1. How do the pairs read when you match residues in the stretch 296-325 that are open to solvent by 50 Å² or more (accessible area, probe 1.4 Å) with residues anywhere that are at pLDDT 95 or above and among the basic types (Lys, Arg), using Cβ under 6 Å and keeping only pairs 6 or more apart or on different chains?
2. I'm trying to understand the selection: among the residues of the stretch 218-255, which are open to solvent by less than 20 Å² (accessible area, probe 1.4 Å), at pLDDT 90 or above and small (Gly, Ala, Ser)?
3. Does Leu345 satisfy being under 23 Å from Leu309 (Cβ atoms) and touching a residue at least 60 places away in the same chain (Cβ under 8 Å)?
4. Within the stretch 399-408, is there a residue that is open to solvent by 10 Å² or more (accessible area, probe 1.4 Å), part of a helix (DSSP H, G or I) and modelled with pLDDT of 90 or more?
5. Can you go through Pro107, Pro172, Pro82 and tell me which one is over 14 Å from Thr358 (Cβ atoms) and out of contact with any helix residue (DSSP H, G or I) (no Cβ under 8 Å at 6 or more places or on another chain)?
6. For Gly328, only one of the following conditions fails: (1) farther than 25 Å from Tyr290 by Cβ; (2) out of contact with any Lys or Arg (no Cβ under 7 Å at 6 or more places or on another chain); (3) open to solvent by 10 Å² or more (accessible area, probe 1.4 Å). What is its number?
7. Out of the residues in the stretch 86-136 meeting the condition of being in contact (Cβ under 8 Å) with a residue 60 or more places away in the chain and touching a Pro at 6+ places or on another chain (Cβ under 8 Å), tell me which one is nearest to Ser184 (Cα to Cα).
8. So which of Ile265, Ile298 is of a type outside the set (D, E, K, R), in contact with a Leu (Cβ under 8 Å, 6 or more places away or on another chain), part of a helix (DSSP H, G or I) and over 23 Å from Gly38 (Cβ atoms)?
Amino acid sequence: MRSKTLSSGGFGKDQTTDIQNPVIMAIALSFGAAVALGLSRFSYGLLLPPMREDLSWSYLLAGGMNTANAVGYLLGVLLTPPIIKYTGARSLMVAGSALASVFVLLPGYTTDGNALLIQRLLSGTASSFIFIAGGVLAAKLASMHTRLTGLILGLYYSGTGIGIMLSALIIPVTTAWADNYELSHAWQWSWRALAASCLIATLIITVPAARIGEPSAAKSTEGRFTFRDFFFSLSGYFMFGVGYIGYMTFVAALLKEQGISSISISIFYFMLGFAVLISSRVWAGLLDRYKGGQALAILNAILAVACILPVLTSNLILISISGFMFGGVFLSVVASTTALVRHNLPAPSWPAAISAFTGAFALGQIIGPTVVGGIADTPAGLKLGLLLSAVALLVGAVLSIKQKALKT
């Protein structure tokens with residue numbers, strides 16, 4: 001199907017785009033999410049146990065690494081709107097992905113704690129550039145194919161699952177290879193391989209980035225984004241950031257504490273990533289149906305249940321169910337906020353709104369890893385930390401349900 005230029009959707013008339021297969025374009029675009037979250041952020045959850053053991057880190061320091069990543073992410077949120085105005089979303093997405101490839105490479109050549117903190121911060125900033133710019137492009141692509149809105153948004157965000165699955169394959173193989181040759185700091189080879197994967201993904205996203213046009217600048221105050229209108233959904237999304245990152249940062253460490261083998265943990269991570277990948281189809285109807293905060297509330301509540309399971313049991317089957325549930329939901333929470341923005345605001349306001357939601361998300365991520373890591377160093381351990389993550393997600397569900405659709 002040949003898409004025509006939309007003059008009423010907030011896009012400039014010079015932005016004619018020929019998208020013959022929007023699903024393929026969404027899948028290609030999703031490799032940006034694979035870099036932003038799957039390869040550069042969530043891979044750290046698998047690398048945390050060997051890095052912590054090799055470098056004698058406390059859980060507080062290990063969690064602080066992801067706090068630094070979240071601080072960088074928030075910095076990127078603040079920088080993204082003015083940069084997008086100057087460069088456009090397409091250029092920023094590709095440039096951010098190229099930068100992320102470089103930053104992911106850095107831990108492969110250093111063991112210094114301060115250098116690694118800086119690396120995590122810079123990686124978070126680049127991830128924010130990719131994720132927000134990619135979200136804007138995905139929202140535009142969805143607006144050109146309104147019957148596929150939920151699917152397109154879900155496909156973009158589910159690209160994170162590709163990154164998680166690649167991480168689950170790359171990290172054990174490269175670490176085992178380095179151990180076999182008795183190379184020092186075997187985990188560094190995993191970072192190098194992850195960086196190569198980021199670079200390949202960057203080449204892939206240049207195609208959809210070049211094909212999808214830019215939203216035009218807003219010409220009036222009508223339909224502009226305001227924090228007041230989205231207070232409850234922003235608050236619910238903040239609590240999602242607090243809750244989900246504790247699970248993604250420390251669940252592998254908890255499983256190792258429970259005596260689960262490294263191979264089983266890698267399989268757990270792979271299945272979690274696979275669940276992310278297929279989640280776009282599962283929740284597409286939910287994202288299309290609800291115009292307020294209902295989708296965000298439902299998904300937060302499901303995540304809370306998934307978060308509690310590893311706290312209650314070390315049974316491998318139930319833990320696998322937890323990972324599959326979590327992977328099948330958590331990126332759809334992100335997609336639900338983009339759908340909420342698209343349902344309630346005109347296209348020129350999407351970058352500001354998506355940046356605001358990403359900012360709330362980033363603030364939550366700053367708090368989550370440090371709190372859970374600090375608790376993990378006490379006698380209460382990681383289980384209490386993950387329990388508090390589940391509570392944060394439940395609070396997020398309660399807040400989100402109060403978000404009403406705007407009268408547009």
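1. none
2. Listed by number, the residues that qualify are Ser233, Gly236, Gly241, Gly243.
3. Criteria not met by Leu345.
4. Yes, the stretch 399-408 contains a residue that is open to solvent by 10 Å² or more (accessible area, probe 1.4 Å), part of a helix (DSSP H, G or I) and modelled with pLDDT of 90 or more.
5. Working: Pro107 fails: out of contact with any helix residue (DSSP H, G or I) (no Cβ under 8 Å at 6 or more places or on another chain); Pro172 fails: out of contact with any helix residue (DSSP H, G or I) (no Cβ under 8 Å at 6 or more places or on another chain).
Checking each option against the conditions leaves just Pro82.
6. Going through (1) farther than 25 Å from Tyr290 by Cβ; (2) out of contact with any Lys or Arg (no Cβ under 7 Å at 6 or more places or on another chain); (3) open to solvent by 10 Å² or more (accessible area, probe 1.4 Å) one by one, Gly328 breaks only (1).
7. Ranking the qualifying residues of the stretch 86-136, first place goes to Ile132.
8. Numbers: Ile265 fails: over 23 Å from Gly38 (Cβ atoms).
It is Ile298.
The values are calculated or read from the model by the stated rules, or taken from the named source; none is laboratory data. Just so it is clear, the model here is predicted, and its values are computed rather than measured. Using ideal geometry, Cβ is built from the backbone for each residue, glycine included, and neighbour counts are taken over all protein chains shown. Areas reflect the complete protein model, heavy atoms only, side chains present, ligands, DNA and RNA absent. Shrake-Rupley method; radii C 1.70, N 1.55, O 1.52, S 1.80 Å.
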